[in-house]
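A.B. asks: Dropping the structure in here first, questions after.
The values are calculated or read from the model by the stated rules, or taken from the named source; none is laboratory data. Being a predicted model, the structure only gives us computed values, none of them experimental. Cβ sites come from the backbone with ideal geometry, for glycine too, and all protein chains shown count toward neighbours. Side chains included, ligands, DNA and RNA excluded: accessible areas come from the protein's heavy atoms. Shrake-Rupley method; radii C 1.70, N 1.55, O 1.52, S 1.80 Å.
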Amino acid sequence: MYKVSILLSSALIVASCESKPPETGTLVIKNVNVVDVRAGQLMAKPKDVLIDGERIRKIIDSGTLKFEESITVQDGQNKFLIPGMWDMHAHPDDPEIWRMNPTDDEKDKLLTLLVMHGVTGIRDMAGDLKLANRWKKSIDNGELIGPEIFAAGPLIDGPNPMWDGSVGINGPDNVRQVVDSLIADGVDFLKVYSLLPEDIYFELQE
């Protein structure tokens, strides 16, 4: 009687698992190694990572769950899955190379290369703000593969700027007008540069 009860219980468990509907989501990255960043060690066994939209929904032992056929499946080939990296000082449109006249297409390709190497976000520390805004729009619309961008736009410098494309400020009285204009154009932050006089620098802090 005891053995029969165990067998019946086991059968019910199996039946319950089989009747469970497949997992839903948008993407499964299967057979990958995941580092537990809290514990500081590699998780035991390769994992399947279920992603729904922009959220990781589940991390489970590889091959233990069934997924809806509509979910895109990417085989991680027992490699490592890591969070996207950030480049906190990037220059995809560096004023230093403007005089070499690179094409917009050449600059666009650099953004795609960043993503290919695991960089999914950048802090663009100086460049053409119109180009940066175009990049943001194209990436958001799915027209261009590139990282999330936080852009400074032009450098803010003194009356005689060091680099092409910089905004030169003649005195403290001009600071508010310049800053308001840059914010209206869509900068995410301000970057000051080496030839900025002390009085203008402190006015910028206000």
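A.B. asks: So which GluC sites (Glu not before Pro) in the range 19-111 end up in coil per DSSP with only 12 or fewer other C-beta atoms within 10 Å?
C.D. replies: Values: sites: GLU23, GLU54, GLU68, GLU69, GLU96, GLU106; in loops: GLU54, GLU68, GLU69.
Passing both the DSSP loop test and the Cβ count: GLU54, GLU68, GLU69.
A.B. asks: How much of the accessible area of the range 96-137, in percent, comes from carbon and sulfur atoms when a 1.4 Å probe is used? Write out the running numbers ahead of the final one.
C.D. replies: On the way: 1490 of 2610 Å².
Exposed carbon and sulfur together represent 57 percent of the surface.
A.B. asks: Something else now. Please give the net charge around ASN174, taking every other residue with its beta carbon less than 12 angstrom from that of ASN174, where Lys and Arg add +1 and Asp and Glu add -1.
C.D. replies: Values: positive: ARG176; negative: ASP173, ASP180, ASP199, GLU203.
The answer is -3.
A.B. asks: Same structure, new question: Report, ordered by chain and residue number, the lysines lying within cross-link reach of LYS107, taken as a straight Cα distance under 26 Å and ignoring same-chain residues fewer than 8 apart.
C.D. replies: Here the lysines satisfying the reach criterion relative to LYS107 are LYS130, LYS136, LYS137, LYS191.
A.B. asks: Counting only DSSP beta bridges with both residues in the chain, tell me the antiparallel percent, nearest 5. Walk me through the intermediate numbers first.
C.D. replies: Values: 12 of 30 bridges.
Here the antiparallel bridges make up roughly 40 percent for the chain.
A.B. asks: Among the aspartates and glutamates, select those whose C-alpha is under 13 Å from the C-alpha of LYS47, and discard any that sit fewer than 8 residues away in the same chain.
C.D. replies: ASP36, ASP61, ASP75
A.B. asks: In addition: Taking chymotrypsin sites (Phe, Trp or Tyr not before Pro) as exposed when DSSP calls them loop (any state but H, G, I, E, B) and at most 16 other Cβ atoms lie within 10 Å, what is the longest stretch of the chain free of them, the sites themselves excluded? The partial results should precede the final answer.
C.D. replies: Numbers: sites that count: TRP163, PHE189.
Looking at the chain, 1-162 is the longest stretch - no exposed chymotrypsin sites (Phe, Trp or Tyr not before Pro) with at most 16 other Cβ atoms within 10 Å.
A.B. asks: Per 0.36 nm of contour for each residue apart, how much would the distance between GLU206 and LEU190 grow if the chain were fully extended, relative to their Cα-Cα spacing?
C.D. replies: Values: separation 16, 0.36 × 16 = 5.76 nm, distance 1.30 nm.
Separation in residues times 0.36 nm, less the Cα-Cα distance, equals 4.5 nm.
A.B. asks: How large is the dipole of the chain about the Cα centre if only Lys and Arg carry +1 and Asp and Glu carry -1, each at its Cβ, rounded to the nearest 20 debye? Present the calculation step by step, with values, prior to reporting the outcome.
C.D. replies: On the way: 21 positive and 33 negative charges, 315 e Å.
For the chain, the charge dipole is close to 1520 debye.
A.B. asks: Taking only DSSP H segments of four or more residues, each worth -39500 (n - 2.57), what value at 222 nm results for the chain once the sum is divided by all its residues, to the nearest 500 deg cm²/dmol? Don't jump to the answer; show the numbers that get you there.
C.D. replies: On the way: 5 runs with 61 residues, N = 206.
Mean residue ellipticity at 222 nm (helix-derived): -9000 deg cm²/dmol.
A.B. asks: Can I ask one more? Report the antiparallel proportion of the DSSP beta bridges in the range 16-109 as a percent, rounded to a multiple of 5. Mind showing how you got there, number by number?
C.D. replies: On the way: 12 of 19 bridges.
For the range 16-109, the DSSP antiparallel bridge percentage is about 65.
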